[in-house]
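Read the structure below first, then the notes.
The values are calculated or read from the model by the stated rules, or taken from the named source; none is laboratory data. Bear in mind that the values here come from a model prediction, so they are computed numbers and not experimental data. Here the Cβ is made from the backbone with ideal geometry for all residues, glycine too, and neighbour counts use every protein chain on show. Ligands, DNA and RNA are excluded from the accessible area calculation, which covers all protein heavy atoms including side chains. Shrake-Rupley method; radii C 1.70, N 1.55, O 1.52, S 1.80 Å.
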Amino acid sequence: MSVALAQVYGSALNGQSKERPALAQMAMPLTMRLAVVQCRGGESILRRLFEPLGYIITAESHPLEQQHPEWGQSDYFTVTLTATLRLSDALSHLYVLIPVLDDEKHYWIGEDEVEKLLRFGEGWLSRHPERELITRRYLKLKRLVRSALAQLAEEDALDPDAVEEAHAREEAEIEQHLSLQEQRLGAVLAVLKNSSAHRVLDLDCGEGRLLQLLLAEKSFSYIVGLDVSHRALEVAAKRLRLDQLPPMKRQRIQFIHGALTYRDRRLAGYDAAAVVEVIEHLDPSRLAAFERVLFEFSRPGLVVCTTPNAEYNVKFTTLPAGKLRHRDHRFEWTRAEFQTWAKRVAERFGYTVRFLPVGPEDPAIGAPTQMGVFDR
Ligand code: SAH
């Protein structure tokens, strides 16, 4: 039996597993072909994930660029998985493990994902030697990983110390992450508070942390959070408890679903815009469109823009040299690169710009985050 990737995925996602055909209740020889799948970490990850479940694997890797074999292999593979299993079990394995293989889940992970992972992992995940890797990659959000690992540990009486140790490691990572983020948001808030801005945009508000701080300040009479990700907006709305806000406060905040690379009339007429850790997520070829959308059409009086300082990356001991801080980053600029860009943009659109370091500054390599404040 051969199943194309799209069909397998489609049936699992549509929840049709509730009414599985009788055939699917029986263990039978299955061959599943994944026409192309990204395996971050290469073939060994593929084997670590599927072999413990009894699959025989063949994997054919694809070159990065067919015209240039000297560039080496990509992490895309055509994979065949063979095993004697119930179809429903095989579908559950694929449902959980394909996102784990490509490790691309991002921005749209909510509480319900823990429930999904446990439901589809029932009967096999708690015994899988790589359950921790699977849980981490599947859920990404450390808070959720903790909850899922705890539930899996209960299911399989996992060594509680090992779980605790994993929690402690995560906590340290979270602390570090939070403190950088807190410093960044604190710095942006300080600039906005010191300006006379009342109507403020948070351009790509993400999961709404800055919005929360802005809403707590009465001087910001109207706040708009925009993001291209629906999921992020949902999380932000939950974080702010929008539906429970008193009417006066509720009136001060609005969400917009939109992209920063398309002209949008809804963004005109604001005193200030925060653009925090966003430009590095845009494709370089779309930066020019973003510049016009923000500085020409939206044209707020003040723009506060932050981005990572690539020079500072050497300080992150867990980050391999030359790697970007986040997989979705399209680039990370040195201070000179950011300043050249910002000065050019300011000049073209009639703004002045000044630069501020955010976070602990090292005389040689600068601070972890760089900030440009554009004034009209
Ligand atoms: N300002 C927030 C979010 C930063 S993450 C914070 O500091 O936490 C970057 C955000 O950019 C994400 O919320 C993502 O949804 C958004 N994004 C990614 N690509 C985009 C694009 N092409 N256009 C507009 N927004 C994008």
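Screening Gly350 with (1) at pLDDT below 95; (2) surrounded by fewer than 12 Cβ atoms within 10 Å (Cβ to Cβ) gives one miss only, at (1).
Where the second residue is open to solvent by 40 Å² or more (accessible area, probe 1.4 Å) and away from the ligand (no atom under 16 Å from the Cβ) and the first is closer than 16 Å to Val200 by Cβ and of a type outside the set (Val, Ile, Thr) and lies in region 248-260, which pairs have Cβ atoms under 7 Å and are six or more apart or on separate chains? Listed pairs, sorted by first residue: Arg252/Ser221; Arg252/Tyr222. For region 338-376, the set of residues classified as of a type in the set (Phe, Trp, Tyr) and part of a helix (DSSP H, G or I) consists of Phe338, Trp341, Phe349, listed by residue number. Strands (runs of 3 or more DSSP E) fully within region 249-337 that include at least 1 residues being assigned by TED's automatic domain parsing to the domain that holds Thr352, modelled with pLDDT of 95 or more and within 12 Å of the ligand (Cβ to nearest atom): 272-276, 302-308.
If only residues of region 191-211 that are closer than 19 Å to Phe374 by Cα and open to solvent by 50 Å² or more (accessible area, probe 1.4 Å) are counted, the one that is farthest from the ligand (Cβ to nearest atom) is Ser196.
Among the residues making up region 212-233, those that are under 23 Å from Glu113 (Cβ atoms) and open to solvent by less than 10 Å² (accessible area, probe 1.4 Å) are Gly225, Ala232.
Against the numbered list (1) touching a residue at least 40 places away in the same chain (Cβ under 8 Å); (2) assigned to a helix (DSSP H, G or I), Leu226 comes up short only at (2).
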